[in-house]
Amino acid sequence: MKRNFAGTLTLSRFFWRQERRQVVLWALAIVLLNFLVVVSYAQIYKSPAERAAMAQTMRNPAMTFMLGPGWGLDNYTIGAMVGHEMLLFAAMLAAIMNILVVQALTRSSEEDGRHELLLSLPVGSLSSLAAPLVLALMQNAGLALATGLALWVPGVESVDLAGSLLFGTAVGTTGFFFAGLTALFAQLAETSRANLILSLSVLGLLYVLRGLGDLGREWLSLATPLGLILRTQVYVANYWWPVGIMLAAAGVLWTGAFRLNWGRDLGSGYLRARAGRQRASRLLRSPFGLALRLQRSAIISWLCALLLLGASYGSVFADLEEFLAGNEFLREILPSVQGYSLTEQFLSMVIDVTAMLAVIPALLPVVRLVKEEKAGRLESLLALPVSRLNLLLGFLLLGVLVSALAMLASGLGLGLAVQAVLGEGPPLTSVLVASLAQLPGMLVMLGAAVVIVGFCPRFTVLLWAYVAYSVFAVYFGVLINLPQWAVKLSPFGWNPQLPVEPFEVQTALLLLGLAVLLCAAGAWGYVRRDLDL
């Protein structure tokens, strides 16, 4: 039996070198986000009255569905706020990180032929699955420790070391659980695509079941890993027993993955893939149709998520006036304009935030073109009567279409929810128009993506860094008094915040012109450069 695990540590080091950038970037994002939240909350909610106003808003059933039960609402300290509002979000980020990493090291590696090459070396038959297990243990243990220390370092009184370490451990344990779940699905699914969709779909389903359970069915929450991890009640009661149950469940998942891996042939799966059509549809005869086929699952998932996100934001408007009246900081960062209510001002800020999230699915088709190129699949495609320019334009057109659909989805969810909770509020048409007014800035981001694809496809990380900078500059810049010129470096810094700011046609045309120039320059570079194989 020992021979089956020969070479596990060597493979673990190799896998770490292979995935270290992705793991480090994800971990830094999670750690830095939690650190900034603690620092920001300590500055924003300085008085018990402000925290009590926030606690009143958190009693909303919609917030309970989104974030979980609010333990400590009667004494809503900074620690209780962080535990209530950030634990579930951080745990889901850790889950997604582990799903992507384990999927890349298991089923994706097997599908690409790398797995077979590794097994030709002097390694055990189970070492290729044991190595991801070792890596998952290391990365989640490191994430747990780093997250806990990042929360404790600012020195906020209610964010103590014990609660911070429990918070970090809960996040790392959730990540390890979903790493095991993905490893198990990698044995069941026959393709990497099916493995990824299955893992992410179960994560979304568990989130919804947890939300339904938190609204009144305690047993349902306890039956889900996300609901169970919230029962740690970090910074309030600090229970460790949910962590133990989660670790035991993760052990069961990994054991099942090893058992299934032992009984199947290389390249096979227990769930047979459905046979495809014998003839391609007419849609697949164009680059746009190919882009849509490759990205349809991700696009549908993002549109549904943005619809729910808009509805979640809209549900908060029922208690908004009272909440904002008790929070001086939030009143300062809102675009204060005479003649407009706090509801309308907050609405404009929410639309701005959703636009910076909606640009992510819009960028995915263009970035997917780079992935197809690196995988070597574009070489055979371009051997057909398909020009590089038409190929790029097909993927870019899908990005433009998704930009509009994403803003319509978020605006629809937001507008309908606001109408439902207020009875009377901004008309749905005005919310949709305000959402679509964000398109010029989003198209500039698409132009930047085309430039990167055309000239430096290996540095797509710069695109995501630019998106992160935009979120920081436009949304968090007020916390550090960021100069206006620094905010304007992001295209979202030029977008109007309707309905409290007028729509300037000249600015919109300037952004659209810049987007066209960037797309043209990127297309020129893409047509003339060599394929990055």
Between region 341-366 and region 3-73, how far is it from one alpha carbon centroid to the other, in angstrom?
22 Å
Taking a ≥ b ≥ c as the square roots of the eigenvalues of the Cα gyration tensor, with a/c under 1.5 meaning rounded and otherwise prolate when a/b exceeds b/c and oblate if not, region 343-484 is oblate
How far apart, in nm, are the 7 Å Cα→Cβ label points at Leu117 and Val516?
4.5 nm
Honestly region 164-223 on the Cα gyration tensor test (a ≥ b ≥ c root eigenvalues; a/c under 1.5 rounded, otherwise a/b vs b/c for prolate or oblate) is just oblate
Calculated SAXS-style log₁₀ I(q)/I(0) at q = 0.06, 0.08, 0.13 Å⁻¹ - the chain, Debye, Cα scatterers:
-0.31, -0.57, -1.47
If you average the C-alpha positions of region 137-178 and of region 390-447 separately, how far apart do those two centres end up, in angstrom?
36 Å
Scalar couplings 3J(HN,Hα) for region 6-21 by Karplus 6.51 cos²θ - 1.76 cosθ + 1.60 (θ = phi - 60°), nearest whole Hz, x for Gly and Pro, are 4, x, 4, 5, 5, 5, 4, 5, 5, 5, 5, 5, 6, 10, 4, 5
For a footprinting-style exposure proxy, rank Cys519, Cys304 by other Cβ within 10 Å, fewest first.
Cys304, Cys519
How long is the gain from Ala6 to Glu501 if the chain were fully straight, where each residue apart is worth 0.36 nm and the alpha carbon distance is subtracted?
171.7 nm
Leu392: net charge of surrounding residues, Cβ under 13 Å, Lys/Arg +1, Asp/Glu -1, itself excluded?
+2
For region 244-261, 3J(HN,Hα) per residue [Karplus equation, 6.51 cos²θ - 1.76 cosθ + 1.60, θ = phi - 60°, Hz, x = Gly/Pro]
x, 5, 5, 5, 5, 5, 5, x, 5, 5, 5, 4, x, 4, 5, 5, 5, 5
Final fewest-first order of Leu414, Leu512, Leu121 on the 10 Å Cβ neighbour count is Leu121, Leu512, Leu414
Taking every pair of alpha-carbon atoms in region 37-82, what share in percent sits in each 5 Å bin, from 0 to the bin with the longest distance?
5, 24, 32, 25, 12, 2
Between beta-carbons, use under 12 Å as the cut-off and find the net charge around Gly289, counting Lys and Arg +1, Asp and Glu -1.
+4
Sticking with the crude label model, points 7 Å out along Cα→Cβ, report the distance from Lys374 to Arg529 in nm, one decimal please.
1.3 nm
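For Thr224, Thr106, Thr255, what ranking results if the residue with the fewest other Cβ atoms within 10 Å of its Cβ goes first?
Going from least to most buried by this count: Thr255, Thr224, Thr106.
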Region 513-533 to region 234-261: how many Å between their Cα centroids?
48 Å
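How would you classify region 1-264 from its alpha-carbon gyration tensor, with a ≥ b ≥ c the square roots of the eigenvalues: rounded for a/c under 1.5, else prolate if a/b is greater than b/c, otherwise oblate? Don't jump to the answer; show the numbers that get you there.
Working: a/c = 2.57, a/b = 1.91, b/c = 1.35.
The shape class here is prolate.
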Would you mind counting up the charge near Leu230? Only other residues with Cβ under 10 Å from its Cβ, with Lys and Arg at +1 and Asp and Glu at -1.
+1
Stretch Thr255-Ser268 to full length: gain in nm at 0.36 nm per residue minus the Cα-Cα span?
2.8 nm
Calculate one ³J(HN,Hα) per residue across region 43-54 by plugging θ = phi - 60° into the Karplus curve 6.51 cos²θ - 1.76 cosθ + 1.60, and present them in order as whole Hz with x for glycine and proline.
7, 6, 9, 7, 10, x, 5, 5, 5, 5, 5, 5
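Values quoted throughout were computed directly from the atomic coordinates according to the rules given, and no laboratory measurement underlies them. None of these values were measured; they are calculated from a predicted model. Cβ: placed from backbone, ideal geometry, glycine included. Neighbour counts: every protein chain shown.
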